[in-house]
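The values are calculated or read from the model by the stated rules, or taken from the named source; none is laboratory data. What you are looking at is a predicted structure, and each value in this text was computed from that prediction instead of being measured. To get the accessible areas, we keep the full protein, side chains included, count just its heavy atoms, and leave off ligands, DNA and RNA. Shrake-Rupley method; radii C 1.70, N 1.55, O 1.52, S 1.80 Å.
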Amino acid sequence: RVANSVKQYNSIDMNKLFKDNILTVDVNVKGETDTYTVKMSFGGFLGLLKDQIDRLDKFDLKAVTRALINGFNKDDVYIHCSCPDWAYRYAYFATKNNINSGNPETRASNITNPNDELGSACKHVLLVLSNNSWLLKVASTIYNYVNYMEKHYHKLYADIIYPAIYGKK
């Protein structure tokens, strides 16, 4: 089961998003035995958001949601999972193919996945990729953050967030 509360997504690093243009999201997945964290990361979100704002002619939840969907449908999405299956079967493959958003794994999985034939991700990552319900929660978190900053932290909004979103001073 993919975590479905907005509270869980409040830990998104907004500094990294608005200063470095890299969105990293940790999605909790309740497995059969434990809860694991799938980390999804991609760059270029602010450009996609600006395109949606230009297309819709306003900043709203719909623009953020569409930018997120477009971003996660791009080729340069990086993934990682905290489960043991990822560590012993998929982390080396992900590192070798430059799709690992976690720590790089330099030890080949000679016993559990010797020929890299098991695919590119564990079932938790596949669940997150196939279940897009969490995208709306992330979009809501980003939208609420921007609105909060605009209302309560005018200078920070004007200096960093507004130029990042609209591409102008």
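Taking Cα centroids, how far is segment 22-91 from segment 119-159 in Å? Going from one Cα centre to the other spans 8 Å.
On alpha-carbon atoms, Rg over Rh for segment 18-86 using Kirkwood Rh? Don't skip to the answer; put the middle values down first.
Values: Rg = 14.6 Å, Rh = 13.4 Å.
With Rg and the Kirkwood Rh in hand, the quotient comes to 1.09.
Atom-type composition of the exposed protein surface of the chain places 48 percent of the accessible area on carbon and sulfur (1.4 angstrom probe).
For the residue pairs LYS50/LYS155; LYS7/LYS168; LYS19/LYS123; LYS96/LYS123; LYS58/LYS169; LYS16/LYS155, alpha carbon separations beyond 27 Å are given by LYS7/LYS168; LYS19/LYS123. For the chain, take every pair of Cα atoms, bin their distances at 10 Å starting from 0, and report each bin as a whole percent. Bin by bin from 0 Å, the calculated values are 10, 36, 31, 17, 6, 1.
Considering only protein heavy atoms, what per residue accessible area in square angstrom results for the chain with a 1.4 angstrom probe?
Accessible surface, normalised per residue, equals 57 Å².
Helices in the chain, meaning DSSP H runs of at least 4 residues, each add -39500 (n - 2.57). Divided by all residues, the mean residue ellipticity at 222 nm is -12000 deg cm²/dmol.
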